[in-house]
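Scroll down for the structure; my scribbles are underneath it.
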Amino acid sequence: MTPFRPIVYFDTSGLNHLLADYDCSILQVILTRHYLSRTTATSLEEFAANENSKQRELLFAVSDPIAWSGGVIMSPNDIAYNAMVAYSEGNKDWRNMDIRLYEFESAQFRRERADQVAAVQLQEKDMLEEEYCGFFENERPRFEDYYKSGVEERPKTFQQFIERVKLSDGMFWGIARSIYRDATGITLNQQELMDLMDECLPFKAFILCQMISYYERSGFRDLKTALSFRSGRFDLFSAVYLCYCDLFISADKRQYNALKEITAIGNLRAKVLKYAELRRTIFPFSGMTMRFQATQKAVSVNDWLVPFTYQLSARASNELLINRLY
């Protein structure tokens, strides 16, 4: 029997930190030997659009083993859309959906694509990001005026916000109904939407993304509170991946906050970890190399070239250690 290997999803910030890590090669061995590590075509296209060819190749060198280990998966939008269409056609087992993009798992394909459409794709992603965030920001004056009028107090937590917008046929169900109708052409009543939420977790995660954007950007959250969820469109949509992995790795504080909240409220599968938390979990001996690293020149995520070349030779001497330990 093949031993169980937890699925680890790396977002772009997580992969960037892996590259900058002194123990990158050791961590790659652990991740590919004991985990199914995944990333997305969107992250790879961000790497491909890097204009510095040497940095781009380093990014590919780090992401290649990840792509080979657990595969490259679809964008969260495509996963959510396919899940809704499948549900409308009677297939309610979203776990059986094939979400991999096999062509992106070819290193040759990724490098060829880097010279073709990656930059254009990234420009389109940035445009959608601006439109998405702008929509919620434009709603802020209306809700700010509402709460200033004293009709009711602002919700103190995202949980409290969700409880309010679920009341009767409120905002939560209206947005869920609209998104499902746009994808399938079918209008569901509230009970049908509730069943859909219970039976199709990628759809639930996708709706919670919209809700946390409303809460954060449209005047519902008191901006004086410390916990911010002001993450971008793709970072929030990554909540869909929480249904398909055991560990979700992010080095972005606001994305981490938002996805932790969505996981708890949606009762989703994954555990959201900061990159440093993953490092301590999978490599308990990291303290030894981290003390050594503290004596070296700090490695900037945006200035890898010389340090990374040096590190490659140093890391090679650690392969014997990692093979004995793991």
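The values are calculated or read from the model by the stated rules, or taken from the named source; none is laboratory data. Since the structure is predicted, the reported quantities are computational estimates derived from the model, not experimental observations. Cβ atoms come from the backbone with ideal geometry, glycine included; neighbour counts cover every protein chain shown. All accessible areas refer to the heavy atoms of the entire protein, side chains included, with ligands and DNA or RNA removed. Shrake-Rupley method; radii C 1.70, N 1.55, O 1.52, S 1.80 Å.
So here's what we get for this one:
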{"read-out": "Cα-centred dipole magnitude for segment 1-82, charges only on beta-carbon of K, R (+1) and D, E (-1), debye, nearest 20", "value": "300"}
{"read-out": "Neighbour cut-off at most 13 other Cβ (10 Å), DSSP loop, GluC sites (Glu not before Pro), segment 147-185", "value": "Glu152, Glu153"}
{"read-out": "Relative compactness, segment 1-52, computed as alpha-carbon Rg over 2.2 N^0.38 Å", "value": "1.29"}
{"read-out": "Mean accessible surface per residue for segment 132-253, computed with a 1.4 Å probe while every protein chain stays in place, in Å²", "value": "43"}
{"read-out": "Net charge contributed by nearby residues that have their C-beta within less than 14 Å of Asp169 (K/R +1, D/E -1)", "value": "+2"}
{"read-out": "Segment 156-284, Rg to Rh (Cα coordinates; Rh as Kirkwood inverse mean 1/r)", "value": "1.00"}
{"read-out": "By average C-beta atoms within 10 angstrom, highest first, the peptides 68-77, 37-46", "value": "37-46, 68-77"}
{"read-out": "Rounded to the nearest 20 debye, dipole of segment 125-226 from Cβ charges on Lys, Arg, Asp, Glu", "value": "280"}
{"read-out": "Highest-first arrangement of 248-255, 125-132, where packing means the average Cβ count within 10 Å", "value": "248-255, 125-132"}
{"read-out": "Options Leu227, Leu196, Tyr180, ranked by Cα towards positive dipole end of segment 152-230, top entry (Cβ charges)", "value": "Leu227"}
{"read-out": "Amide H partners (placed H, <5 Å) of Leu36, local residues excluded", "value": "Ile7, Val8"}
{"read-out": "Of Lys156/Lys253; Lys125/Lys148; Lys92/Lys271; Lys204/Lys271; Lys125/Lys274, those spanning more than 26 Å from alpha-carbon to alpha-carbon", "value": "Lys125/Lys148"}
{"read-out": "Positive-pole candidate from Ala49, Leu31, Val85, dipole of segment 1-117, charges at beta carbon", "value": "Leu31"}
